[in-house]
Amino acid sequence: MGTVAALIRCMRPWQYTKNVLVFAALMFARRMSDPDALLRSVEAFVLFCMVSSSVYLLNDIRDREEDRRHPEKRRRPIASGALSSRLAGAAAAVLAVAGLGGSFAINTGLGSVTSAYFGLQMLYQVGLKEIVIIDVFCIAAGFVLRAVAGAEAIDVVISPWLLICTMLLALFLGLAKRRAELMLLEEEAGGHRGTLRKYNIEMVDQLIPVMAACTLMAYCLYTISARTVSELGSTRLMYTIPFVIYGLFRYVYLIHRHGHGGAPDRTLLSDRPLLANIALYALVSMIIIYFAPGDA
């Protein structure tokens, strides 16, 4: 593996799918036809990708010894020796400075949110990931901050219901990730990460359906909330609820029948039914938001 290829792999570009949440505010605020708002959203997406890549690099530097004992993570460039920690650290610094500086160049709000995301990830690495339950909340907070960043980039107020849905869905995905780690590592889970000693399959299997139910209920309430109906002029967004139900059910199916969940981004990109469902959800949502006449 060449040095450049190793560096790119360590930056985890396949995980940029998480940063697509930056575009949520643009879509639901009905600003996709605004060229300036679209440009700022794209810029915010790129800057968030830079900052998140710096976080991944720093994470791999810090966890390289633990990763070498992991059956899958030992193949990561730094853990395997394909990429030096010094070069990775330099790249992380450049990406962090460029991403944070660029965010403040767009506006202070975006810069503040991006800085909060970076700070949260640093706190997660140095200690919060070792605190049971709090570690999953940190993962969820990262997703929420992505959605808020998108709103700050185009200077709109994002719906509180949409933030709640994002947080609950992220908690669901985070718990699924912990389950996959427990299943993969089995008795050695605690040796790889201390906090995994405090989880068990039975506990996580009780929490996952709770989060799935809460996510579905929150989304249903969002589609019929007074603010949503007022902004869209109709209650038609509720027609997207079946896509959310199917997506949650499909993910639970993949968790229990195929052992997925350890890498939500890879699951999204590899499972065709789930990918098709998300594409249809986005298409139907755009039709409802931008083209369907109001009937409130």
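The values are calculated or read from the model by the stated rules, or taken from the named source; none is laboratory data. The structure displayed is predicted, hence computed values, not measured ones. Ideal geometry is used to build each Cβ from the backbone, glycine not excepted, and the neighbour counts take in all protein chains shown.
Quick notes on this one:
- Selection status of Leu123, of a type in the set (A, V, I, L, M), closer than 22 Å to Leu173 by Cα, surrounded by 16 or more Cβ atoms within 10 Å (Cβ to Cβ) and without any contact (Cβ under 8 Å) to a residue 40 or more places away in the chain: no
- Being modelled with pLDDT of 90 or more, under 22 Å from Pro209 (Cα atoms) and either out of contact with any helix residue (DSSP H, G or I) (no Cβ under 6 Å at 6 or more places or on another chain) or part of a helix (DSSP H, G or I) (or both) is a description that applies to Thr240.
- Among the candidates Val132, Val157, residue that is more than 27 Å from Ile241 (Cβ to Cβ) and aliphatic (A, V, I, L, M): Val132
- Residue match in the stretch 68-86 (condition: crowded, with 19+ Cβ neighbours inside 10 Å, within 20 Å of the chain's Cα centre (by Cα) and not in a loop (DSSP other than H, G, I, E, B)): no
- Exclusive hit being on the phi > 0 side of the Ramachandran plot and touching a residue at least 60 places away in the same chain (Cβ under 8 Å), set Arg30, Arg40, Arg76: Arg30
- Residue identified as assigned by TED's automatic domain parsing to the domain that holds Leu110, of a type outside the set (A, V, I, L, M), surrounded by 15 or more Cβ atoms within 10 Å (Cβ to Cβ) and within 18 Å of Asn107 (Cβ to Cβ) among Phe48, Phe28: Phe48
- Residue check for Leu237: over 30 Å from Arg12 (Cβ atoms) and surrounded by 19 or more Cβ atoms within 10 Å (Cβ to Cβ): yes
- Ala212 being within 20 Å of Leu162 (Cβ to Cβ) and without any contact (Cβ under 8 Å) to a residue 12 or more places away in the chain: no
- Residue within the stretch 26-33 that is touching an Asp or Glu at 6+ places or on another chain (Cβ under 9 Å), among the aromatic types (Phe, Trp, Tyr) and under 30 Å from Leu237 (Cα atoms) present: yes
- Every residue from the stretch 126-153 that is touching a residue at least 60 places away in the same chain (Cβ under 8 Å) and of a type in the set (Phe, Trp, Tyr): Phe143
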